[in-house]
1. Can you sort TYR92, TYR318 by how many other beta carbons sit within 10 Å, fewest first?
2. How fast does the chain diffuse by Stokes-Einstein, in µm²/s, taking the Kirkwood radius from C-alpha pairs at 37 °C and 0.692 mPa s?
3. Within segment 248-274, name every residue whose backbone N is under 14 Å away from a label modeled 7 Å from Cα of GLU198 along the Cβ vector.
4. Quick one: net charge around LEU293, please, counting Lys, Arg +1 and Asp, Glu -1 for every other residue with C-beta under 12 Å from its C-beta.
5. What helices does the chain hold that run 30 Å or longer along their axis, going by alpha-carbon atoms, with a Kyte-Doolittle average of 1.0 or more, using DSSP H for the helix calls?
6. Based on DSSP, what percent of beta bridges with both residues in the chain are antiparallel, to the nearest 5?
7. Test of understanding: ordering THR98, THR3, THR267 by Cβ neighbours within 10 Å, fewest first, what list do you get?
8. Of the chain, which part is the longest with no GluC sites (Glu not before Pro) in a loop (DSSP not H, G, I, E, B) and with at most 14 other C-beta atoms within 10 angstrom?
Amino acid sequence: MSTDDLLAPHREAIDHIDQTILGLLNERAAHARAIGELKGSGVVYRPEREAQVLRRIQSLNQGLLSNEAVARLFREIMSECLAVERPLTITYLGPEGTFTQQAAMKHFGHAAHTQPCATIDEAFRLVEARQADYVVAPIENSTEGAVGRTLDLLVASPLKACGEVVLRIHHHLLRKVEHQDGITKVYAHAQALSQCHEWLNKNLPANVARIAVASNARAAQLAAEDENAVAIASQAAAERFNLCKLASNIEDEPNNTTRFLVLGHQTTTPSGLDKTSLIVSAPNKVGTVHELLQSLSKNGVSMTKLESRPSKAGLWEYVFFIDVEGHADDGPVHRALTDLQEEAAFLKIIGAYPKAVL
Ligand SMILES: O=C(O)C(=O)C[C@]1(C(=O)O)C=C[C@@H](O)C=C1
């Protein structure tokens, strides 16, 4: 029997299964549309429900496909079902091809419309003015630490965090032509330059100028216009600007990861596995930070992040960005927040949201 003959029954089975899947997908979309009608003009995107759907699918999964693969597939199915209810617009720091756009797609799937903005400030502003639904903003990188501008915006913005995205960051060396001769400059975002610092020291001549630009996608765009330049940027940027990859995964730290917050106007109900992000400021006295942290520990609440930043209000005064395990409506976190309210000069709950599933 020829290979084609051997393939034929499997392909027949696949055609049959695809037809069943297609029918079921449309049946699912019809339920989503009915849910959308019941929600009326209310909020259609429900992050806690999406997290529960993805976690349930992963716990049911016993097949050949990995948990990550099934979550990715169902992420896209929900994205299309949500678009049947109402398509969402997500703002991010552009241009197209940045890691933040990748994070937005990872979280909302490909049916969401992503809108690039010139600055993180503008991405926030459009959502604040209700000209877009959600903003995805980088908050911290595992090698570089906090993203200061996002933290500063969080202090004053009325937006609430309703989700988080965790993205592995891979940087590549990109060029218009496929050889290393005659490189005079390397364009990259300042964070990418420092994340690839060791690699650049070892692999590029010392006289190649390192030029920091607004984003990795902008770097790729500049490299596409100048044959003597290379860019450090993502796979998405390489594809978008048609650049050759001279070297892959050039980040010094192999586990390089960026965490993003998703912010909008809604508060989220508990999903069963949540986090709460807070901003706290303490009077500038000995022992106050210790007391603030005690409000958490005595209520059995674990802290997953503590970041300090100079307050714009006074010299040598600080605000603290704190993430804790659990939802602000859960008993222990709720009690800790009540205690914190008494100790802190300023307390703002940025939001409570499901832990990233994907
Ligand atoms: O359960 C809902 O509220 C839905 O709208 C359905 C659905 C889904 O496709 O499962 C779609 C969008 C929401 O963000 C959450 C879940």
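1. Going from least to most buried by this count: TYR318, TYR92.
2. Details: Rh = 22.7 Å.
Answer, rounded: 145 µm²/s.
3. 250-256
4. On the way: positive: LYS298; negative: GLU291, ASP339, GLU343.
Spelling it out: positives minus negatives among the neighbours equals -2.
5. Helices passing the filter in the chain: none found.
6. Values: 44 of 59 bridges.
Among the beta bridges of the chain, antiparallel pairing accounts for roughly 75 percent.
7. Values: THR98 26, THR3 7, THR267 15.
Ranking THR98, THR3, THR267 by Cβ neighbours within 10 Å, fewest first, gives THR3, THR267, THR98.
8. Details: sites that count: GLU178, GLU227, GLU317.
Value returned for the longest uninterrupted segment is 1-177.
Each reported figure results from applying straightforward, stated rules to the coordinates on display, with no laboratory input. Fair warning: this is a prediction, and the values are worked out from it, not measured in the lab. We place every Cβ from the backbone using ideal geometry, glycine too, and count neighbours over all the protein chains shown.
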